[in-house]
Amino acid sequence: MKNQALVVGASGIIGSAVSHLLAEEHWAVAGLARRPDVAAGITPISADLLDPHQLKMALADIEPTHVFLTTWARQSSEAENIRVNAEMLRNVLDAVGRSGSVRHVALSTGLKHYLGPFEAYGQGALPQTPFREEQGRLDVPNFYYAQEDELFAAAKRDGFTWSVHRPHTVTGVAVGNAMNMATTLAVYASICRFTGRPFRFPGSGVQWNSLTDMTDAGQLARHMLWAATTPAAANEAFNVVNGDVFRWKWMWARIADWFGIAPAPFDGTPAPLEQQMADDADIWKDMSKQFHLAEPDIQRLISPWHTDADLGRPIEVVTDMSKSRKLGFLAYQPSDEAFFNVFERLRSSNLIPRK
């Protein structure tokens, strides 16, 4: 029986990487999103995940063997995050569970499992780093926990295996994505180059000086495929990062050099991008006209709030991947090259100016 994948959130950073990898591996792939992209080897399906009837109608002819859940919807509070995101996941699993075809469901969450939700991000008593999968849930409401609970309940009801994947900050390309550090930094660096403004690190002294890691979308896609097809990985939660560690004081200079600008000296004072880029919409429109860029709306490209949250953390964030390594996942991705690959893709797609 040929593997049939349903990728939920197929137009996002993670979902698009998963969809393209599966298509390259000759899977039958259906990509579900509110506004799915058109890509070779991927059947686009449009539906609102909060509309159970519409969702069931859209998936009526799909009998997936594997489901990859890679989407979420940001809300005004964590209580709403929990309600909405749990409901979306529940609706999808209810819609596909009727066929009995599903053998495995992979859910992508993230390190907020250990760091807490945005309302209490990096605050209070946190587990020591490096984060390990056996560290339990924090005693605080978190929509990742609600998503996991929905997954576990559906797996028990319908008899499929599952895997949970906890990446660090994900680098990749997707226009209109709510959490997109690499594209945000690319736009910021391009504006600094265009205007002559200093390329200032926006975050905390802790992040500047401490070790950290990242997760490339391609690395995460390979990890989700591996877990979905490796019996020993069934019914397990996994951290997933690139495999290297770095300090932002080094990475910031690497990014600046790629764009041909000098990094501004860092004095330890945060300079959040939400403030630095608050008035950049008109500048970006001017740049779009001058360089004939494909997306003149800067808000479709940047997520400074998310980049500020990650780079402003008051603690070191390093992730342990021993669990995956012991079970045979050995893929590796240098994090600076992951950034550069995104920047090159943005240039080749005419989303940021060329040199």
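The values are calculated or read from the model by the stated rules, or taken from the named source; none is laboratory data. Computed from a predicted structure; not experimentally measured. As a convention, Cβ positions derive from the backbone with ideal geometry for all residues, glycine included, and neighbour counts pool all protein chains shown. Note: areas computed on protein heavy atoms with side chains; ligands, DNA, RNA excluded. Shrake-Rupley method; radii C 1.70, N 1.55, O 1.52, S 1.80 Å.
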### Query
Can you tell me how many residues in region 314-355 are under 18 Å from the mean Cα position of the chain (by Cα) and at pLDDT below 95?
1
### Task
Among what's in region 335-355 and is of a type in the set (K, R) and not in a helix (DSSP H, G or I), pick the residue that is most open to solvent (accessible area, probe 1.4 Å).
K355
### Task
State which residue pairs qualify: first residue open to solvent by 60 Å² or more (accessible area, probe 1.4 Å) and inside region 193-211, second residue of a type in the set (G, A, S) in any location, beta carbons under 6 Å apart, and separation of 6 or more residues or different chains.
P198/A264; R200/A264; R200/A271
### Summary
Screening L6, L32, L22 for residues that are under 24 Å from Q219 (Cβ atoms), part of a helix (DSSP H, G or I) and within 19 Å of the chain's Cα centre (by Cα) leaves only L22
### Query
Does region 48-59 contain any residue that is open to solvent by 60 Å² or more (accessible area, probe 1.4 Å), under 20 Å from the mean Cα position of the chain (by Cα) and in contact (Cβ under 8 Å) with a residue 24 or more places away in the chain?
no
### Query
Can you find a residue in region 173-188 that is farther than 28 Å from V38 by Cβ, part of a loop (DSSP other than H, G, I, E, B) and in contact with a Gly (Cβ under 6 Å, 6 or more places away or on another chain)?
no
## Note on the structure
In region 308-333, anything open to solvent by less than 50 Å² (accessible area, probe 1.4 Å) and farther than 15 Å from P167 by Cα is listed as D308, A309, L311, G312, R313, I315, G328
### Task
Evaluate the following for S76: is it open to solvent by less than 60 Å² (accessible area, probe 1.4 Å) and either part of a loop (DSSP other than H, G, I, E, B) or under 22 Å from D308 (Cβ atoms) (or both)?
no
### Summary
Restricting attention to region 79-103, the residues that are open to solvent by 30 Å² or more (accessible area, probe 1.4 Å) and either under 23 Å from the mean Cα position of the chain (by Cα) or on the phi > 0 side of the Ramachandran plot (or both) number exactly 7
### Message
Here are the criteria: (1) under 13 Å from G203 (Cα atoms); (2) touching a residue at least 40 places away in the same chain (Cβ under 8 Å). Tell me which single one S324 does not satisfy.
### Response
(1)
### Message
Condition first: buried (at least 18 other Cβ atoms within 10 Å of the Cβ) and more than 14 Å from V8 (Cβ to Cβ). Now tell me which residues in region 60-73 satisfy that.
### Response
T65
### Query
How about region 243-252: which of its residues are surrounded by 14 or more Cβ atoms within 10 Å (Cβ to Cβ), out of contact with any Leu (no Cβ under 6 Å at 6 or more places or on another chain) and either of a type in the set (A, V, I, L, M, F, W, C) or at pLDDT below 95 (or both)?
F246, W248, M251, W252
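Here is a yes/no grid of residues against (1) of a type outside the set (A, V, I, L, M, F, W, C); (2) touching a strand residue (DSSP E or B) at 6+ places or on another chain (Cβ under 6 Å):
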{"residue": "P117", "(1), (2)": "yes, no"}
{"residue": "L126", "(1), (2)": "no, no"}
{"residue": "F131", "(1), (2)": "no, yes"}
{"residue": "E134", "(1), (2)": "yes, no"}
{"residue": "Y144", "(1), (2)": "yes, no"}
{"residue": "A155", "(1), (2)": "no, yes"}
{"residue": "P167", "(1), (2)": "yes, yes"}
{"residue": "V170", "(1), (2)": "no, yes"}
{"residue": "N177", "(1), (2)": "yes, no"}
### Query
So which residues in region 263-296 are open to solvent by 50 Å² or more (accessible area, probe 1.4 Å), without any contact (Cβ under 8 Å) to a residue 24 or more places away in the chain and closer than 13 Å to V187 by Cβ?
K285, P296
